[in-house]
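Working notes, beginning with the structure itself.
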Amino acid sequence: MRHHDAQFNLKEVEKLCQLYQDCQLTVLEETELEYVLAHCDFDSPVIKETKGLMTVSRSVKFAANEKPHKSVWKWVPRVAACAALVLGIAAIYHANQSNDNCIVYVSGEKANDEIAHEIAEADVAKMQQFMQVVNEQKAAEEEKVKQFTNHINQSK
Amino acid sequence: MKRLIFIILSIATAFTAFANPPKLNVESLFDGRYNNNKSVTISIYKNNGNYYRGITIKNNPQIIKKIAEAIEKDAPKASDYSDHQCADGQYTSLQIINNGETIFIGLQRDKHDGGFFFIQGKEKAFK
């Protein structure tokens, strides 16, 4: 193909357009033809068709050259799911670790919080006294067994 | 992302699977059956990682008997069992180890068809 600033007649332009449509031109030649068509005043069905094809080709190239647009919004549900998971685990952990909790029924009636705490704490004190009694009994029994065993051993 | 969530959930499930609740017969006594009973006081108390449940009985030998039967059913699981008769009544106690913690169970029977029963231990022992 002649250099793009050379003058072409109509027939030559149409022939080039036909070669373009038959994919007989190199990329460089196609680019030069596009330049020629943009700067010439010739018009014919072949030229129009070629210009139309060049427009379509250009839009396809632009679409292919566009970098995929990274949408920030794609990450929002992922981050929200992670945050919900972490908060859920934290809430369960906190609930398991929580503060005191007291329920008391007295003679079939549920007691209010203040009375419930008083009764529960009194019960805990009673429990500690129970365990002290049991431990003292155990110690006393063990001492009896020890004395009995010693007595038996001495009498042998 | 999905793999990470799956791994986290698997780890959480594995941790919960390692802990076994003790499944004690005495725990069933706190299922609400005596909440409306006028001869008992029921206390359920959780504080600083300690878990306590108690029943104080007045003049009700049937409930005392039920509690004693539940304790006898759990006795085989106990690492320590004692039963003493003394001036102020009968003291029955169990110690059961679960999840590395000790659960204390006690029943004191007085001479007037009354008594005091409790279960106490760290919360971890009951999970």
**Q.** Count of segment B:105-114 residues which are open to solvent by 50 Å² or more (accessible area, probe 1.4 Å) and either within 17 Å of residue A:127 (Cα to Cα) or small (Gly, Ala, Ser) (or both)
**A.** 2
Q) Restricting attention to segment B:89-98, which residues are touching a Phe, Trp or Tyr at 6+ places or on another chain (Cβ under 9 Å) and open to solvent by 40 Å² or more (accessible area, probe 1.4 Å)? A) B:95
Q | So residue B:117, is it among the aromatic types (Phe, Trp, Tyr), open to solvent by less than 10 Å² (accessible area, probe 1.4 Å) and touching a strand residue (DSSP E or B) at 6+ places or on another chain (Cβ under 8 Å) | A | yes
Q: Collect the residues in segment B:74-114 that are touching a residue at least 60 places away in the same chain (Cβ under 8 Å) and within 11 Å of another protein chain (Cβ to nearest Cβ), keeping them in residue-number order.
A: B:105
Q. Of the conditions (1) within 12 Å of chain A (Cβ to nearest Cβ); (2) closer than 17 Å to residue A:134 by Cα; (3) open to solvent by less than 20 Å² (accessible area, probe 1.4 Å), residue B:71 fails just one. Which one is it?
A. (1)
Q. Which ones in segment B:8-56 are at pLDDT 90 or above and hydrophobic (A, V, I, L, M, F, W, C)?
A. B:24, B:26, B:29, B:30, B:40, B:42, B:44, B:55
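The values are calculated or read from the model by the stated rules, or taken from the named source; none is laboratory data. As the structure is a computational prediction, the values presented were derived from the model and not from experiment. Glycine also receives a Cβ, built like all others from the backbone with ideal geometry; neighbour counts cover every protein chain displayed. Just so you know, the surface numbers come from the protein's heavy atoms only, side chains and all, with ligands and any DNA or RNA stripped out. Shrake-Rupley method; radii C 1.70, N 1.55, O 1.52, S 1.80 Å.
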